[in-house]
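A short write-up of the structure that comes next.
The values are calculated or read from the model by the stated rules, or taken from the named source; none is laboratory data. Remember, predicted model here, so these are calculated numbers, not experimental data. Glycine also receives a Cβ, built like all others from the backbone with ideal geometry; neighbour counts cover every protein chain displayed. Heavy atoms of the whole protein, side chains included, go into the accessibility calculation; ligands, DNA and RNA do not. Shrake-Rupley method; radii C 1.70, N 1.55, O 1.52, S 1.80 Å.
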Amino acid sequence: MKALEEKIKQDGEVLSGDVLKVDRFLNHQIDTDFMFSIGQEFAQKFQDEKITKILTIESSGIAPAVMTGLQLHVPVIFARKHKSLTLTDDLYTANVYSFTKQTENQITVSRKYIEPNDRVLIIDDFLANGQAVFGLLEIAKQAQIEVAGVGIVIEKSFQPGADKIKAQGIHLESLARIKSLTDGQVEFMPE
Ligand code: 5GP
């Protein structure tokens, strides 16, 4: 998505440890019009997939997931990273090692919101080593529901997550694919 590449070039900041900071439009301040167009792009890519729900992980996956849900007219479930006092139902859980925080979290989704015939689209902001996506895939597996695909706003293609997902035969769509972040410069994969 050319507009996303332009936005990353304009507002992105490369931090040490192969981390890209996009707090201006995605991870802290959210550019709502732009996020709406991200939702349109995902919806168009997955329009024939008969999706019934979107599954994401708090907090940065929520904005692109909601915008996509709005276009596809389906609900969005976000996995929680912290135990909530109000989340007392039966839960699906998976362990996820956080790339940016370097800690392990247990992610949880209430069984109540997943139905046997659900066909979910997994959405997240970034894809690095694939831990977050594999945690959500684990939850889908426990719930015995189908995964229609994975939509990622920014894939860091030089890290192993994308290849691991594709190796499982899963339909992966990433709107921007970064080849490298060497020397503070963002280099994109050729189209
Ligand atoms: P993974 O689980 O694929 O290793 O990493 C993806 C998760 O870590 C995403 O949910 C995202 O929140 C975070 N993440 C990974 N790499 C980056 C990055 O370069 N920048 C930001 N802002 N978040 C990242």
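What to note about this one:
- For the stretch 116-140, a residue qualifies if it is in a loop (DSSP other than H, G, I, E, B) and more than 6 Å from the ligand (Cβ to nearest atom), and the qualifying residues are PRO116, ASN117, ASP118.
- Residue in the stretch 176-185 that is over 21 Å from MET1 (Cα atoms) and either part of a strand (DSSP E or B) or in contact (Cβ under 8 Å) with a residue 60 or more places away in the chain (or both) present: yes
- Considering residues of the stretch 165-181 that are surrounded by fewer than 16 Cβ atoms within 10 Å (Cβ to Cβ) and in contact with a Phe, Trp or Tyr (Cβ under 9 Å, 6 or more places away or on another chain) only, the residue farthest from PHE99 (Cα to Cα): HIS171
- The listed residues are LYS9, LYS50, and the only one of them that is open to solvent by 80 Å² or more (accessible area, probe 1.4 Å), on the phi > 0 side of the Ramachandran plot and in contact (Cβ under 8 Å) with a residue 40 or more places away in the chain turns out to be LYS50.
- The listed residues are ILE122, ILE114, ILE145, and the only one of them that is open to solvent by less than 10 Å² (accessible area, probe 1.4 Å) and in contact (Cβ under 8 Å) with a residue 24 or more places away in the chain turns out to be ILE122.
- Single condition THR100 does not satisfy, out of (1) within 16 Å of ILE152 (Cβ to Cβ); (2) open to solvent by less than 80 Å² (accessible area, probe 1.4 Å): (2)
- Condition check for PHE25: more than 14 Å from the chain's Cα centre (by Cα), within 15 Å of the ligand (Cβ to nearest atom), open to solvent by less than 40 Å² (accessible area, probe 1.4 Å) and closer than 27 Å to PRO190 by Cβ: yes
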